[in-house]
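Undergrad: Got a structure for you, questions after.
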Amino acid sequence: MIRPRGRPAHGKGVARDDILNAALTLLDESGGRGLTMRALATRLGVTPMSLYHYVGDQAGLLRALSDRVYAEVLEGAGELADQRAEIRALLTRYHQAVGRHPQLTLAIFATPEAFAGVTRHITDRLTMLLGKITAEPILWRDILVDHAHGSGLALTSVRGEQMQVQAIQVQYRQALDRLLDRLAGL
């Protein structure tokens, strides 16, 4: 079968949003190894080369996906007067995003060059906030982010079991509060 260059079989051009929507669905369904430019192009009915115009390489695709998924984590940044409250809100939103799309987090782990854009802004913001309340902001950032990753990725084991999902989310917030208490010296 011969595919038209950059165009689906019906003659419509492919848009960046369509690419990102299809890529996120493919990633959620198949994991990081299932998200290839060839598989994505097949899903969209275009040639793999046509995707490079919109997203660059595989790392560029992951950066674009992470920018989309994690953008909501930074919503309201700087609006809370209390650093602890902002740290808690930032990490809670991040934990939820990791839980919704765990395969994206795992794919970013496997492709370090994909760590940029919004994910870098989240890390920088968290480091800056922690720098205002501890002499060890990088250590605490790593502890808190690793905790969000671990708990967020644990949500994949209970998908569809709403009561267990809620229990993990409650446990995450309780543990986060304890960590923040420890950070504050309480």
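Undergrad: In which sequence would S157, S66, S30 go, from the one with the fewest C-beta neighbours within 10 Å to the one with the most?
TA: Least crowded to most crowded, the residues run S157, S30, S66.
Undergrad: Could you work out the relative contact order of segment 54-186? I mean the mean sequence separation of Cα pairs under 8 Å and 6+ apart, divided by the number of residues, in percent.
TA: Reported as a whole number, the value is 28 percent.
Undergrad: Another question, then. Of the listed values (i) 36, 18, 13; (ii) 40, 20, 12; (iii) 28, 18, 16, grab the one calculated as semi-axes √(5λ) of the Cα gyration tensor in Å from the structure here.
TA: Answer by label: (i).
Undergrad: On to the next question. Restricting things to alpha carbons, find the Rg to Rh ratio for segment 16-56 using the Kirkwood radius for Rh. Don't skip to the answer; put the middle values down first.
TA: Numbers: Rg = 9.1 Å, Rh = 9.9 Å.
Reported Rg/Rh (Cα atoms, Kirkwood Rh): 0.92.
Undergrad: Add -39500 (n - 2.57) for each DSSP H run of 4 or more in the chain, then divide by its residues: what number comes out at 222 nm, to the nearest 500 deg cm²/dmol?
TA: -22000 deg cm²/dmol
Undergrad: Let me ask something additional. Multiplying the sequence separation of A77 and I143 by 0.36 nm and subtracting their Cα-Cα distance, what value in nm do you get?
TA: Extra length from A77 to I143 when fully extended: 21.7 nm.
Undergrad: Can you give the FRET efficiency to the nearest 0.05 for D181 and R16, using r as the Cβ-Cβ distance and R₀ = 41 Å?
TA: 0.40
Undergrad: Which order do I143, I168, I87 fall in if you start with the one that has the fewest other Cβ atoms within 10 Å?
TA: Least to most surrounded, the residues fall as I143, I168, I87.
Undergrad: Still on this structure, I have one more. Assuming R0 = 35 Å, can you tell me the calculated FRET efficiency for the pair E136 and M49, based on Cβ-Cβ distance, to the nearest 0.05? Walk me through the numbers on the way to the answer.
TA: Working: r = 47 Å, r/R0 = 1.35.
Working from the Cβ atoms, E equals 0.15.
Taken together, the values in this text are just the output of simple stated rules run on the coordinates, not laboratory data. As the structure is a prediction and not an experimental result, all values here were calculated from the model. Because the Cβ atoms are built from the backbone with ideal geometry, glycine has one as well, and the counts that use them run over all protein chains shown.
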